[in-house]
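What follows is a single structure, written as structure tokens, with notes after it.
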Amino acid sequence: MLGQLRKAGSARLLNSFLHRGCAVCDRPTPKSFCFDCQRQLQDQIRNRPQISASSEPLFVESLGAYDGVLKRAILSLKYENRPEVAQFLGAVLGRQWIEAARSLPAKPLYALPIPLHSERQRQRGYNQAALLARSFCRVSGLTLLENGLVRSQATVPQHQLGIEARQKNLEGAFAIGKSLQRRQAKAGSLGVVLVDDIYTTGVTIQSAEKVLKRSGISVLGTVVVARA
């Protein structure tokens, strides 16, 4: 009897997870997004403003601005325990990267998700950038090094700080992971692409880039879901 109750409880839990509703509007749907919200997402991505890469210190590719349904999707991914949202967004990023990266040098590239500190990842249950990177790599063909970059110290959430405080907050926050060290030892010169959810001031990306370049690793670009 106890075993049957456990099975029934597990079945209910699985069923509730599989039918949690749209990640944007919460309407009933067996998928991550209902038909209407997915259409709005696709329209927002299709009509995103074109931003010249030359205006950035680093090539940045995004799906669109951090507003509307795209913002709501990211918030559900980060704060509402909807990891499956990363599958859709990462796959679209992968398809977009294939087109945008045609002008980049043709050489093996590794995708590095921006890491969370272990304490924050434990609280959230996952690193949203790593989930995005997995889906992105399946489509783009880049090699994923999920722990190629590590968070060596806990920091205050960036959205709580001004730009100068953000820079100080991330000093010494990143380090090269063992998986990337091993690849570099074998190959010598490496090219990487950083993956994250939001590009706001660019401080996080630039801090990670600085650590990588200091170790002789070339950062060829960044892919993010949205730009603030």
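The values are calculated or read from the model by the stated rules, or taken from the named source; none is laboratory data. The structure displayed is predicted, hence computed values, not measured ones. Here Cβ is always computed from backbone atoms with ideal geometry, including for glycine, and neighbour counts include all displayed protein chains.
Tabulated data
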item: Residue list for segment 169-210, restricted to those being assigned to a helix (DSSP H, G or I) and either touching a helix residue (DSSP H, G or I) at 6+ places or on another chain (Cβ under 7 Å) or closer than 21 Å to V224 by Cβ (or both); result: N169, L180, V203, T204, I205, Q206, S207, A208, E209, K210
item: Residue within segment 90-100 that is closer than 16 Å to D196 by Cα, at pLDDT 90 or above and assigned to a strand (DSSP E or B) present; result: no
item: Verdict on A226 being farther than 19 Å from L144 by Cβ, small (G, A, S) and not in a helix (DSSP H, G or I); result: yes
item: Within segment 136-164, considering residues that are within 23 Å of S118 (Cβ to Cβ) and among the small types (G, A, S), the one modelled with the highest pLDDT; result: G148
item: Residue count, segment 206-228 (criterion: under 24 Å from L70 (Cβ atoms) and either basic (K, R) or at pLDDT below 90 (or both)); result: 4
item: Options L116, L109; residue that is surrounded by 17 or more Cβ atoms within 10 Å (Cβ to Cβ), modelled with pLDDT of 85 or more, under 17 Å from the mean Cα position of the chain (by Cα) and over 21 Å from F59 (Cα atoms); result: L116
item: Residue in segment 1-21 that is among the hydrophobic types (A, V, I, L, M, F, W, C) and at pLDDT 90 or above present; result: no
item: Residue that is surrounded by the most Cβ atoms within 10 Å (Cβ to Cβ), among those in segment 186-210 that are of a type in the set (A, V, I, L, M, F, W, C) and within 16 Å of the chain's Cα centre (by Cα); result: V195
